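Scroll down for the structure; my scribbles are underneath it.
The values are calculated or read from the model by the stated rules, or taken from the named source; none is laboratory data. If you're wondering where the values come from, they're calculated on a predicted model, not measured in any experiment. We place every Cβ from the backbone using ideal geometry, glycine too, and count neighbours over all the protein chains shown. Calculation scope for accessible area: heavy atoms of the full protein, side chains included, ligands and nucleic acids excluded. Shrake-Rupley method; radii C 1.70, N 1.55, O 1.52, S 1.80 Å.
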Amino acid sequence: MNGISEIGNSIETDLVQSSAEEFGICFRTIVENTPVPTIIVSLDDGQWLYANQAARGNQSREFFKRQNHSLMSLCANDDDFHTLWKSGQSGQPLREHHIRLQKSDDELYWAILSAMPIKFGGKKASLVNYVDVSSQKEREETLHRMANHDPLTGLANRSVFLKTGNREIS
């Protein structure tokens with residue numbers, strides 16, 4: 001009976017390992033072919049453990065020109081870095097967070113970023129995806145400015161005056 005049990009356990013172990021390998025291959029194929037820059041960051045030291053083709057490719061190549069590939073080098077300021085770091089350390093996902101990132105030439109841009117805590121190579125890590133939304137932010141700012149300022153003088157218009165007055169009275 002012991003021999004049959006050992007054979008059963010061996011077969012079950014082989015199936016689990018096979019499924020894990022197949023899953024790993026499938027996952028890597030999906031991530032490599034996703035057009036969204038995706039990185040895996042160590043939650044021990046913030047260093048990049050992996051970056052997909054979109055993160056290594058033309059649109060994000062500047063990140064790999066850096067000597068230090070870390071989460072901190074990607075963030076434009078300490079507050080954004082600490083928000084991401086706390087999210088990873090707490091084990092809570094961060095979804096569609098608007099953040100300022102910086103390129104290797106220190107040019108800043110807006111991105112929507114999501115981060116999901118995972119295990120990678122036995123380490124606590126975070127799977128980070130981000131999309132450049134700078135042009136969208138510029139359009140939003142332009143529309144906001146047009147809605148709240150006179151196009152001829154550039155001064156605040158009546159709606160800004162009324163909002164400010166109501167806020168001061170309250």
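Per-structure values
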| quantity | calculated |
| --- | --- |
| Any hit, the stretch 118-139, residues being more than 18 Å from the chain's Cα centre (by Cα), more than 17 Å from A51 (Cα to Cα) and among the hydrophobic types (A, V, I, L, M, F, W, C) | no |
| Complete set of residues in the stretch 122-170 that are over 18 Å from L101 (Cα atoms), among the polar types (S, T, N, Q) and either assigned to a helix (DSSP H, G or I) or touching a helix residue (DSSP H, G or I) at 6+ places or on another chain (Cβ under 9 Å) (or both) | T142, N148, N157, S159, T164, N166 |
| From L155, L143, residue being out of contact with any His (no Cβ under 7 Å at 6 or more places or on another chain) and not small (G, A, S) | L143 |
| Filter result for N33 (at pLDDT below 80 and surrounded by fewer than 11 Cβ atoms within 10 Å (Cβ to Cβ)) | no |
| Matching residues in the stretch 76-101 - criterion: being out of contact with any helix residue (DSSP H, G or I) (no Cβ under 8 Å at 6 or more places or on another chain) and among the basic types (K, R) | K86, R95 |
| Subset of the stretch 91-115 that is free of Cβ contacts under 8 Å to residues at least 24 places away in the same chain, open to solvent by 70 Å² or more (accessible area, probe 1.4 Å) and on the phi < 0 side of the Ramachandran plot - its residue that is farthest from the chain's Cα centre (by Cα) | E107 |
